[in-house]
Amino acid sequence: MSNLIVPKGYKPLLNLRQTELGIKKIKDFFQQNLASELRLRRVTAPLFVEKGTGINDDLNGIERPVSFPIKDMNNTVAEIVHSLAKWKRMTLADYGIEKGYGIYTDMNAIRADEELDNLHSLYVDQWDWELVIDEKERTVMFLKDVVKRIYSAMLRTEYMVHEYFPQLTPELPREITFISSEDLLLKYPDLAAKEREDAITRECGAVFIIGIGGSLSNGEPHDGRSADYDDWTTLNEEGFEGLNGDLLVWNSVLERAVELSSMGIRVDKKALLKQLKIKNQEEKLRLFFHKRLVNDELPLSIGGGIGQSRLCMYYLRKAHIGEIQASIWSKEMRREAAENDIFLI
């Protein structure tokens, strides 16, 4: 059996042509609003980076990057990016972006180790963004303010979609709920992490969970995070560790929480050294990116990624990310999906 979830009685509310129009409208409208909210300018981003520089995103540290030798560079190995978390911060420095301003780009990645299902594809497309901040803005209060601005763009986009397609009724609550990963654990002590996400998002509609990567009171992190971009060990003003988090919404089609964005205040030198030690990855300090950070060549920043296909999937009330993007799926999943009115591109 495939990992396909088939919602009971699912019928797509838009045909293929309407869906393609909706995707275009959403992508154009949302990125303009995001750029306005956070004062971001668009930049061009790489599809691949050189192996061994420390620039690629390690995700949870176990995912294998797709790689290939470059014939014209003595077979130097290049890696398809997992995300642009570290590249963006270097670009802020190289472009001389001022405090209070930032960049965004279309990030396209291949993640060969993904377990394919309704939400996970080999192909990842997201808006990656990064904003230069001041030392005094490295607080959870500032993080929340940025989340609220992004959520405002999401609300406006949902209304725009409803204007074009009245059958797509808005579902997002007017306000997003904030909760720390530790408080979430205390609220649902008998549930696993993903079950806790479902429970709180079903209750609130839209949630931002603060503090992803550090160990909680049960000895386990809520979810994994790389040691060298988000700061998940700094004690913040609300009394718990973590200056990052995940934005989730309740997906009424799949009846589960769906993560639309991961973001956070990035590590400064102190947090980088601490988190690399926790992860036993101090050897990374010899890499290009990490040397630049330790040598104070990179600005303080906040940044994240927002899933383009997932956002469109949510607004257009689709049951599968393959209804939004062209990717590869098993013959079994394609057959099962077609039998249930889920038309994979």
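Evaluate the relative contact order of the range 1-134 (contact order divided by residue number), counting alpha-carbon pairs under 8 angstrom at least 6 apart; express in whole percent. Present the calculation step by step, with values, prior to reporting the outcome.
On the way: 193 pairs, mean separation 35.0, N = 134.
With pairs under 8 Å counted, the relative contact order is 26 percent.
Between N280 and L122, what is the label-to-label distance in nm when each label sits 7 Å out along the Cα-to-Cβ direction?
Going from the N280 label point to the L122 one covers 3.3 nm.
Before rounding to the nearest 500, sum -39500 (n - 2.57) across all DSSP H runs of length at least 4 in the chain and divide by the residue total; then give [θ] at 222 nm in deg cm²/dmol. Write out the running numbers ahead of the final one.
Values: 9 runs with 112 residues, N = 345.
Roughly -10000 deg cm²/dmol at 222 nm, from the helical runs in the chain.
Regarding the range 60-209, what are the three Cα extents along the principal axes, ordered largest first, in Å?
Extents along the principal axes, in whole Å: 56, 41, 40.
In percent, how large is the relative contact order of the chain, given Cα pairs closer than 8 Å and 6 or more residues apart?
Details: 641 pairs, mean separation 74.9, N = 345.
Relative contact order for the chain comes out at 22 percent.
Which value, in debye to the nearest 20, describes the size of the charge dipole of the chain about its Cα centre when Lys and Arg Cβ atoms bear +1, Asp and Glu Cβ atoms bear -1, and nothing else is charged?
On the way: 46 positive and 55 negative charges, 145 e Å.
The calculated dipole for the chain is roughly 700 debye.
Just the Kirkwood number for the range 1-144, please: inverse of mean 1/r across all distinct Cα pairs, in Å, one decimal.
Working: mean 1/r = 0.0553 Å⁻¹.
By the Kirkwood definition, the hydrodynamic radius is 18.1 Å.
Please go through the residue pairs K144/K270; K11/K318; K51/K86 and name each one whose alpha carbons sit more than 20 Å apart in this structure.
Details: K144/K270 22 Å; K11/K318 9 Å; K51/K86 14 Å.
Listed pairs above 20 Å: K144/K270.
What number do you get for the range 109-160 when its Cα radius of gyration is normalised by 2.2 N^0.38 Å, N = residues?
On the way: Rg = 15.8 Å, N = 52, 2.2 N^0.38 = 9.9 Å.
This ratio for the range 109-160 stands at 1.60.
With the cut-off at 31 Å, tell me which of the pairs K25/K284; K27/K88; K25/K291 have Cα atoms farther apart than that. Write down the numbers at each step before the final one.
Values: K25/K284 42 Å; K27/K88 20 Å; K25/K291 41 Å.
Result: K25/K284; K25/K291 exceed 31 Å.
Using all C-alpha to C-alpha distances in the chain, build P(r) with 10 Å bins and read off the rounded percent in each one.
Histogram of Cα-Cα distances, whole percents per bin: 5, 24, 34, 26, 9, 1.
What's the long-distance tail for the range 223-345, i.e. % of Cα pairs beyond 25 Å? Please report the intermediate quantities before stating the final value.
Values: 3388 of 7503 pairs.
Here the long-distance tail beyond 25 Å is 45 percent of all Cα pairs in the range 223-345.
So, in Å, what gap is there between the alpha-carbon centers of the range 160-195 and the range 79-125?
24 Å
For helix 16-38, what angle does its Cα long axis make with the longest principal axis of the chain, in degrees from 0 to 90 and rounded to 10?
30 degrees
Positive end of the charge dipole of the range 1-138 (Lys, Arg +1 and Asp, Glu -1 on Cβ, about the Cα centre): tell me which of P65, N3, W87 has its Cα farthest that way.
So the residue we want is N3.
Put +1 on the Cβ of every Lys and Arg and -1 on every Asp and Glu Cβ in the range 239-286; which of F240, A257, V267 then has its Cα farthest towards the positive end of the dipole?
The residue sitting most towards the positive pole is V267.
Just so you know, all these numbers are worked out from the coordinates, no wet-lab data involved. The structure presented is a predicted model; accordingly, all values stated were derived computationally and were not measured. Glycine gets a Cβ as well: all are built from the backbone with ideal geometry, and neighbour counts include every protein chain shown.
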